[in-house]
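Accompanying notes for the structure given below.
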Amino acid sequence: MLYSGTVDKLLPAAILASGAVAMDMAVDIFVTFYGIHAFSKQAIRTNKTFSKDFEEMVPMMTQKMREKNIPSWYDMLAEAKKSGNVKIHACSTACDMLDVKKEDLDPLVDDVVGVGNYFAEAAESKVTLFI
Amino acid sequence: MADQNPLADLKPDKTVDARGTSCPGPLLETKKAIATIPVGGVLETISSDAGTNADIPVWAKKMGHEFLGSIEESGYWRVFVRRKK
């Protein structure tokens, strides 16, 4: 469950998804609320927002990420999708609230689904995370 | 040298140099590369990420491959896995 739309949460979510792919696990990411905007076509590659809690750390973090060659969360998720079984689902209620249609979302998003879909997957999963 | 690591003499079928990528990059490289060597072959992953040295043994166990051990060099690790299936 990816509820957040700031880089400080999107990056760990992408790292976790890549790690799960490396461990040969299937991943379903259910994107909701603030996450929806981060996956919109306009924002997905340009979103540089960090949570207010970490605002003063942003310049240092950005520099370190560049120095240490850490890919963007978007590239990392795209790579994880290419090399493993990763599906990204957008929450229909959040899309409706934000007036976002499937075609407004980046092609990384597989479909728009309801919370029933989330529980169907979550109930079958060994690991569930709320980010 | 009396305590020479026997792994140092091992001739891997393939070596993946994943230095400069962070976790889980080297693990993903390892996963991709193991499919390119024959069953019974040895893969060496070179990683500068400390987590990888701990992750490859558990990855190998889960995937049914054999973790042979690792050599710590200065600032990086050489990790050896035998493809079992």
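The values are calculated or read from the model by the stated rules, or taken from the named source; none is laboratory data. Because the structure is a prediction, the values reported are computed rather than measured. Virtual Cβ from ideal backbone geometry, glycine too; neighbours counted across all protein chains shown. Keep in mind that these areas ignore ligands, DNA and RNA; they rest on the heavy atoms of the full protein, side chains included. Shrake-Rupley method; radii C 1.70, N 1.55, O 1.52, S 1.80 Å.
Scanning residues 5 or more positions from A:Lys87 or on other chains, those with amide H under 5 Å from its amide H are A:Val27, A:Asp28, A:Ile29, with H placed 1.01 Å from N in the peptide plane. In this structure chain B gives 52 Å² per residue of accessible area when probed at 1.4 Å with all protein chains present.
Between the helical axis of A:58-67 and the longest alpha-carbon principal axis of chain A there is an angle of about 90 degrees.
Taking θ as phi - 60° and the Karplus parameters 6.51, -1.76 and 1.60, the scalar couplings of region B:37-43 work out to 10, x, 4, x, x, 10, 10 Hz in sequence order, x denoting glycine and proline. Annotation: amide H-H contacts under 5 Å for B:Val16 (H modelled 1.01 Å from N, sequence separation of 5 or more, or interchain): B:Glu44, B:Thr45, B:Ile46. Roughly speaking, to the nearest percent, how much of region B:11-82's 1.4 Å accessible area is carbon and sulfur? In region B:11-82, the share of accessible area belonging to carbon and sulfur is 51 percent.
Name the residues of region A:80-96 whose accessible area, probed at 1.4 Å, falls by at least 20 Å² once all protein chains are in place instead of their chain on its own? Buried by the other chains: A:Ser83.
Accessible surface calculations at 1.4 Å, restricted to protein heavy atoms, place chain A at 58 Å² per residue.
For region A:7-124, the relative contact order works out to 38 percent when only alpha carbon pairs closer than 8 Å and six or more residues apart are counted.
Peptide A:21-32: average number of partner chain Cβ atoms within 10 Å per residue?
Averaged over the peptide's residues, the number is 3.
Around the amide H of A:Thr49, modelled in the peptide plane, lie the amide H atoms of A:Val7, all under 5 Å away and 5 or more residues distant in sequence or on another chain. Counting Lys and Arg as +1 and Asp and Glu as -1 over every other residue whose Cβ lies under 15 Å from the Cβ of B:Arg83, the net charge comes to +4. Summed over both chains, the contact between B and A buries some 1000 Å² of accessible surface at a probe radius of 1.4 Å. Total Lys pairs in chain A closer than 17 Å by alpha-carbon, pairs eight or more apart in sequence or interchain only? Total qualifying Lys-Lys pairs in chain A comes to 8.
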